[in-house]
Amino acid sequence: MNQLFESIILNPIRNSITEFADRNAFCIAGQFYTYREFGIAVEHFRNEFRMMSESIRCIEIHDDLDTYAKIVALWFEGKSYVPLHPFQPKERNEKIIAQIESGKQDCFTDDLAYILFTSGSTGTPKGVAISQKNIASFMDSFWKTGIVVTEEDKCMQCFDLTFDVSVQSFLVALTRGACVYTVPYGQVKYLYAASLIHEYKVTFGAMAPSMLTYLKPYFPELDASAMRTTILTAEACPGDLVDEWRKCA
């Protein structure tokens, strides 16, 4: 286990589960789950994964508590995961599983955290390995920017778990005892995100600028006054769009 990963990621999550047991850890499709419930789910899957001989587990990702608990449970057990999206072509997922099971990922490090696969649009999907040190160093640098998140915050997670920004989005909350507000699959993403921001008074969120572009016509009606921190990522963002968002958030 990488020591930085232990101190920056795992220990803070353990602390959140114990110290903030009665606080909400997740809001998924309008249903709340406490850190106590999350911790129970994590321990359930730890018992299952402890019996695994493999160090890498392919998991079908869903917008539910179990999926997040599986990810954390695998990390607690010193194992890694590969997310498989149920809405992506079966053939693509089968190719990914075949690569993992065949042992062709031997080049990956011992302190592997997860593997994300490319789309495969130009051939066979290719795995990109993210080590424990990678994600721990990233989160360490993130906190050193001066951004503050506490157990009082409400953090939006609007990315698919096959996309790397999703990991930042849920770790920001879980390592600080805050609540993760997810955007369910099958929803019109920008509209559901707007409802979370408006109705639940979300305070932190990472979004692609294109989401703000879709939301722009609704800015006059959108109460985003609680949104203290917005990270715009994954693509270029026009300056005038940021200026308009400043008036809203």
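Structure values in brief
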item	result
Relative contact order of segment 19-92, defined on C-alpha pairs under 8 angstrom at six or more residues apart (%)	28
Segment 1-125: proportion of alpha-carbon pairs further apart than 18 angstrom, %	58
Solvent-accessible area per residue, Å², over segment 130-249 with all protein chains present [probe radius 1.4 Å]	44
Percent of Cα pairs exceeding the 32 Å cut-off, where the set is the chain	21
For the chain, with +1 on Lys and Arg beta carbons and -1 on Asp and Glu, the positive-most of ILE197, ILE59, THR162 along the dipole	THR162
For the chain, size of Cβ-based charge dipole, Lys and Arg +1, Asp and Glu -1, in debye	200
ILE130 - accessible surface, heavy atoms, 1.4 Å probe, Å² rounded to 10	40
When each of LYS70/LYS133; LYS95/LYS144; LYS79/LYS201; LYS154/LYS189 is checked by Cα-Cα distance, pairs over 27 Å	LYS95/LYS144; LYS79/LYS201
Residue among SER141, VAL82, ILE97 farthest towards the positive dipole end of segment 71-167, charges placed on Cβ	ILE97
Interchain or long-range residues, amide H under 5 Å from ALA25's placed H	TYR33, THR34, TYR35
Percent accessible area from carbon and sulfur atoms, segment 45-203, protein chains only, probe 1.4 Å	51
Helix-only mean residue ellipticity at 222 nm for the chain, each DSSP H run of n ≥ 4 adding -39500 (n - 2.57), per residue, nearest 500	-12000 deg cm²/dmol
Lys, Arg +1 and Asp, Glu -1 on Cβ, resulting dipole of segment 27-124 about Cα centre, debye, nearest 20	100
Exposure rank, largest accessible area first [GLU235, GLU19; 1.4 Å]	GLU19, GLU235
Rg over Rh, two decimals, segment 144-203 (C-alpha only, Kirkwood Rh)	0.97
Solvent-accessible area per residue, Å², over segment 10-102 with all protein chains present [probe radius 1.4 Å]	48
Contact order relative to length of segment 98-190, as percent, for alpha carbon pairs under 8 angstrom and 6 or more apart	20
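The values are calculated or read from the model by the stated rules, or taken from the named source; none is laboratory data. All of these numbers come straight from a predicted model, not from anything done at the bench. Please note: Cβ atoms are built from the backbone with ideal geometry, for glycine as well, and neighbour counts cover all protein chains shown. Ligands, DNA and RNA are stripped out before the accessible areas are found, and what is left, the full protein with its side chains, is counted by its heavy atoms. Shrake-Rupley method; radii C 1.70, N 1.55, O 1.52, S 1.80 Å.
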